[in-house]
Amino acid sequence: MYDLVCVHCGAVYPPDEIIYNCRSCGHLLAVRYPLGEISIDRKTWDSRPLSVWRYRELLPVRIPPVTLNEGGTPLYHLEKIGKEIGIPGLYAKHEGMNPSGSFKDRGMTVGVSMAMQLGKKSVACASTGNTSASLAVYAARAGIPAVVLLPAGKVALGKVAQALMHGAKVISIRGNFDQALEMVHDLCLSHGLYLLNSINPFRLEGQKTIGFEAIDQLGQVPDRIVLPVGNAGNISAVYKGLRELESLGLIDRLPMMTGVQAAGSQPVVRAIQNNLPEVIPEGNPETVATAIRIGAPVNAEKALTAIRMTGGTALSVTDAEILSMQRDLARLEGIGVEPASAASVAGIRKMAESGLLDRDEKIVCVVTGHLLKDPETVINQCEPPVVVDADISSLLSALQL
Ligand SMILES: *Cc1c(COP(=O)(O)O)cnc(C)c1O
Ligand SMILES: [Zn+2]
């Protein structure tokens, strides 16, 4: 049986205790498995479909899970973009192909299953959008109510639409994400809702399977895994999972964990580049990539460790670089992602152009969410359709034929 361990002071808590922060030091908790007692043979994993649940021995759920077949997302070779920047081994793992259109589903299938396992009757989160969409979906699947708090006016249209349609109680806060998270945290502690932000240790267990799948699909450990960083839960989760595979002897090296943030919201980048012991929160984060518009990343401590322990790095990209890569992925590769997702590949283009990459590196960029999540940002970049009369000559002249 696993337990919960404080990532800062090492205090240990039982697995069924509902606790998000260490009682002695206030830092976050992580699931720790008795890796010495777990026997996994690769053949068993390989015999199951590629999905979050392929790796169930390294997940905390002991009941039939609340699932919609999440994970098993495609790993695409970015042939054209890779050629252009001189990195032939460039890949994108398209997490937008999950049931609700983002990697958050990997976390929520595990997180909502754990809510059921722990006997919780309702769930809640604060969200820049995708967490709320995913929680609404999985709460519907489980048949329990969900409350989601959003920063008013700063959530992409598709994500709000999902949260509403799947039946969550949606509240818009006149404030930013960081404030919404503080409020929902208080609400959960005082009223017993189960909190499913990335401070929840179980949710991150599901997300770590991105790294497992990437290795299984590539047939080797990539040299580098690149993720957009908001709350820094995902990059921490992937690193934790890979450390577990290493401890189990299933892999013998770790990829360089590389985080990309938007120029207007880059506390993790500043901490890495200035070699600070911890991040200094940013009061007014701003970027078109709303999914990573976060000034006080709650998982920053773990993310700094992940980046530093693997010889990785963190860098920022401008909104213009993000949108330009969103268009290139769409038009050169046929891969439709939301702005935050394009940040990972934009970061790699920037590193390649600055001569910071070895051309032989095998690089997996996690593209985190689907194009249709944020239709407004898409439409704003495109020419509107040409409207013509319903006759052939008007059509031919519009097409300049
Ligand atoms: C949540 C999210 C992120 C950021 O992930 P963190 O774990 O908060 O760092 C990036 N991209 C998309 C599309 C997201 O939904
Ligand atoms: Zn502690």
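Laboratory data are not the source of any read-out in this text; all were calculated from the coordinates shown. This is a predicted model, so every value here is computed, not measured. Using ideal geometry, Cβ is built from the backbone for each residue, glycine included, and neighbour counts are taken over all protein chains shown.
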Counting pairs of alpha carbon atoms under 8 Å apart in space and at least six apart in sequence, what relative contact order in percent does region 102-202 give?
33
Taking θ = phi - 60°, what integer Hz values does the Karplus form 6.51 cos²θ - 1.76 cosθ + 1.60 yield along region 58-64, in sequence order, with x for Gly and Pro?
9, 10, x, 7, 10, 10, x
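Of all beta bridges DSSP finds with both residues in the chain, what is the antiparallel percent, to the nearest 5?
Approximately 30 percent, going by the DSSP bridge assignments.
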For the chain, what does the relative contact order come out to in percent, with C-alpha contacts under 8 Å and a separation of six or more?
17
Near the amide H of C365, under 5 Å away, which other amide H atoms are found, from residues 5 or more places off or on another chain, if H is placed in the peptide plane?
Y91, A92, K93, V226
Can you give me the three principal axis dimensions of region 102-202 from its C-alpha atoms, in Å, biggest first?
35, 27, 20
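Students often get this wrong, so check it: of K83/K373; K93/K121; K302/K373; K43/K121; K83/K302; K43/K120, which have C-alpha atoms separated by over 32 Å?
On the way: K83/K373 28 Å; K93/K121 34 Å; K302/K373 28 Å; K43/K121 37 Å; K83/K302 34 Å; K43/K120 35 Å.
In this structure, K93/K121; K43/K121; K83/K302; K43/K120 lie more than 32 Å apart at Cα.
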Mean Cβ count within 10 Å, highest first, over the residues of peptides 337-350, 239-252
337-350, 239-252
If you place +1 on the Cβ of every Lys and Arg and -1 on the Cβ of every Asp and Glu, how big does the dipole about the Cα centre of the chain come out, in debye to the nearest 20?
740
Selected from I348, N231, G158, residue furthest toward positive end of dipole (the chain; charges at beta carbon)
N231
Would you grab the residues whose amide H sits under 5 Å from the one on G295? Only those 5+ places off in sequence or on another chain, please, with H modelled 1.01 Å from N.
D178
For the charge dipole of the chain, defined by +1 on Lys and Arg C-beta atoms and -1 on Asp and Glu C-beta atoms about the Cα centroid, which residue among G96, C9, P384 has the Cα displaced farthest towards the positive pole?
C9
Farthest towards the positive end of the dipole of the chain, among A214, L28, G192 and with Cβ unit charges of +1 on Lys and Arg and -1 on Asp and Glu, lies the Cα of G192
Order these peptides, 168-178, 314-324, by their mean beta-carbon neighbour count within 10 angstrom, highest first.
314-324, 168-178
How big is the dipole moment of region 323-377 about its Cα centre under a simple scheme where the beta carbon of each Lys and Arg is +1, that of each Asp and Glu is -1, and everything else is neutral? Debye, nearest 20, please.
40
Got a sec to turn the phi values of region 267-275 into Karplus ³J(HN,Hα) couplings, 6.51 cos²θ - 1.76 cosθ + 1.60 with θ = phi - 60°, whole Hz, x for Gly and Pro?
x, 5, 4, 4, 5, 5, 5, 9, 6
Ordered by number, the GluC sites (Glu not before Pro) in region 1-58 that occupy a DSSP loop and have at most 14 other Cβ atoms within 10 Å are E17
Once the Cα gyration tensor of region 3-131 is diagonalised, semi-axes √(5λ) in Å
31, 19, 18
Net charge dipole size for region 102-202 [Lys, Arg +1 and Asp, Glu -1 on Cβ; Debye, nearest 20]
220
Per the helix-only model, the chain has a calculated mean residue ellipticity at 222 nm (DSSP H runs of ≥4, -39500 (n - 2.57) each, divided over all residues, rounded to the nearest 500) of -11000 deg cm²/dmol
Highest first, please rank the peptides 264-277, 212-225 by the mean number of other Cβ atoms sitting within 10 Å of their residues.
212-225, 264-277
